[in-house]
Amino acid sequence: MEAKERRDQIVGMLKRTRQPVTGAMLAKEFGVSRQVIVGDIAILRAAGIDIYATPQGYVILTATPATTVKAKFACRHDREGMEEELAAIIDNGGRVLDVSVEHPVYGEIKANLMLASRRDLAEFLHKSAESGAAPLSLVTGGVHIHTVEAPSSEVLHKIASELKALGILLD
């Protein structure tokens, strides 16, 4: 199979599925190395395809319903507070789209999370623990911002209230 044909099939596969697809799964599907897939994804992004890398794998986001609302929440907690914070958002009906920090040298650093369920959260926490990688918020003393998507403003208000009650939401 030619590289262009493989890349076209990768885009088709990502558009058809609602679940993230890992680089390892794509490599196995196409009989190439994971590094070849990483290169393919880079080329597709450079060509204007909006492929997001999340802790669960690669996704192409579909349009969100017009009724969906988004908000940014400025938060602070230690490493142990990460699960409690993310669970509060998910359990109240939100979807954690990303996390960002303001680095003193590089400016804003953002990572896609796309966490919408307890299963997503469990996988994220497992990968975080397994890799030993420090959370982005370590750079800023625990301060970070989440972009959260929800079906209504009321849901966003519930999320904010719970984060505040937990002592996580910054005023």
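The values are calculated or read from the model by the stated rules, or taken from the named source; none is laboratory data. This structure is a prediction, so every number in the text was calculated from the model and none was measured. Ideal geometry is used to build each Cβ from the backbone, glycine not excepted, and the neighbour counts take in all protein chains shown.
Could you grab me the full set of residues in the range 118-134 that are aliphatic (A, V, I, L, M) and either surrounded by fewer than 11 Cβ atoms within 10 Å (Cβ to Cβ) or modelled with pLDDT under 90 (or both)? 129, 133, 134, listed by residue number.
The number of residues in the range 83-108 being farther than 15 Å from residue 72 by Cβ, assigned to a strand (DSSP E or B) and touching a residue at least 24 places away in the same chain (Cβ under 8 Å) comes to 1.
Across the range 63-96, the qualifying residues are those that are touching an Asp or Glu at 6+ places or on another chain (Cβ under 8 Å) and among the hydroxyl-bearing types (Ser, Thr, Tyr), and the one among them that is modelled with the lowest pLDDT is 64.
In the set (1) of a type in the set (Phe, Trp, Tyr); (2) free of Cβ contacts under 8 Å to residues at least 60 places away in the same chain; (3) not assigned by TED's automatic domain parsing to the domain that holds residue 157, residue 52 fails one condition alone, (2). Residues in the range 143-167 that are polar (S, T, N, Q) and in a helix (DSSP H, G or I) were compared, and the one that is nearest to residue 89 (Cα to Cα) is 161.
On inspection, residue 1 does not qualify as among the aliphatic types (A, V, I, L, M), out of contact with any Cys (no Cβ under 6 Å at 6 or more places or on another chain), surrounded by fewer than 19 Cβ atoms within 10 Å (Cβ to Cβ) and assigned to a helix (DSSP H, G or I).
Scanning the range 97-117 for residues that are polar (S, T, N, Q) and surrounded by 14 or more Cβ atoms within 10 Å (Cβ to Cβ), we see that the one that is modelled with the highest pLDDT is 100.
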